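For reference, the structure is listed below as structure tokens.
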Amino acid sequence: MNPELTERAFTPTAPYLVGREKVREFARAVLATAPLHHDPEAARAAGFADVVAPPTFPIVIAEATLQQLLAEPDAGIDFSRVVHGDQRFSYSRPIVAGDELTATLRVTSIKTLGGNSMVTSESAMTDAAGAHVVTSISTLVIRGDES
Amino acid sequence: MSLLDGLEIGQIVAERTVHLTRDSLVRYAGASGDFNPIHYRDDVAAQVGLPGVLAHGMLTMGVAVQPVIDWADARGWVSDYQVRFTRPVVVDPALGADLTITAKVAAVDDDAARIDLTVTYGDQTVLGKAQVRVTTLA
């Protein structure tokens, strides 16, 4: 692992438009049956502009920043050895259909422990007005060579 | 009634057993865009030394919070959610896998509650430090 990755500035991703049907599709996949995720009227009654994305939805958008990280030529990350260690989503407000989100990646820490590397990164997502919506924080564990 | 009224530390707000099948994994792969073949191909899983096809960690995380959302029932929203992936969930092609989720109140403040999740598969927990912050909707 290249420790200098933590210094690197990554380009913000192209805006991701959150679609109502995508929210519904993702909700079905995580067994999210609450009307807020499927029914615009129920969402409006609760004060939202449109259907609300389930809490783990930002992982769909974070995929683009993960690809940025893996594509760094000097990152030295072999994806077949990667295991997801932990995950967090910290929100300023819920994501709703119609949001246009841009994610900016930052590698916050790289640690080596017993031959494994642990890379923690954050993808901060902002809406079309530039306001923070959610930050996705992931730690990936890259298993070292086994003897 | 507000979400936080009468809520006590240690109170169980939701309990549920969820059945995952290979179909669930394929559906999640499509919805999330995570097409790592260890989540649907036995031969690839065996090749990399896994005990079988595994559920996506993010599927387990996504499913585990649902009982909390149903409990909150539009009186609150999930403002923070974190987990540690501690053990894999092997999904048998015929039998699937059952996850048991227990959601317990860990802390309450002015406008939010912290709900801790225990998620077990067989008799082992698969998520560590699984914490959900539910903030009340004004």
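The numbers here are math on the coordinates, done by the rules we state, and not lab data. Predicted model only: the values in this text are computed from it and were never measured. Note that we place each Cβ from the backbone using ideal geometry, even for glycine, and neighbour counts take in every protein chain shown.
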Which of the residues belonging to segment B:76-87 are out of contact with any His (no Cβ under 8 Å at 6 or more places or on another chain) and at the interface with another protein chain (Cβ under 9 Å from one of its Cβ atoms)?
B:Trp77, B:Val78, B:Ser79, B:Asp80, B:Tyr81, B:Gln82, B:Val83, B:Arg84
Among the candidates B:Val132, B:Val108, which residue alone is within 19 Å of B:Ala14 (Cα to Cα), touching a residue at least 40 places away in the same chain (Cβ under 8 Å) and in contact with a helix residue (DSSP H, G or I) (Cβ under 9 Å, 6 or more places away or on another chain)?
B:Val132
Just to be sure before I move on: is A:Thr126 under 30 Å from A:Arg20 (Cβ atoms) and among the β-branched types (Val, Ile, Thr) in the structure I sent?
yes
Inspect segment A:126-144 for any residue being without any contact (Cβ under 8 Å) to a residue 12 or more places away in the chain and part of a loop (DSSP other than H, G, I, E, B) and give the result as yes or no.
yes
Given (1) within 11 Å of chain A (Cβ to nearest Cβ); (2) more than 17 Å from the chain's Cα centre (by Cα), index of the condition B:Leu95 fails
(1)
Candidates B:Thr60, B:Thr120, filtered to the one that is assigned to a strand (DSSP E or B) and of a type in the set (S, T, N, Q):
B:Thr120
Going by the structure shown, is B:Asp43 more than 23 Å from A:His37 (Cβ to Cβ) and not in a loop (DSSP other than H, G, I, E, B)?
yes
Let me spell it out: the conditions are (1) in a helix (DSSP H, G or I); (2) in contact (Cβ under 8 Å) with a residue 12 or more places away in the chain, and B:Ile69 meets all of them except one. Which number is the exception?
(2)
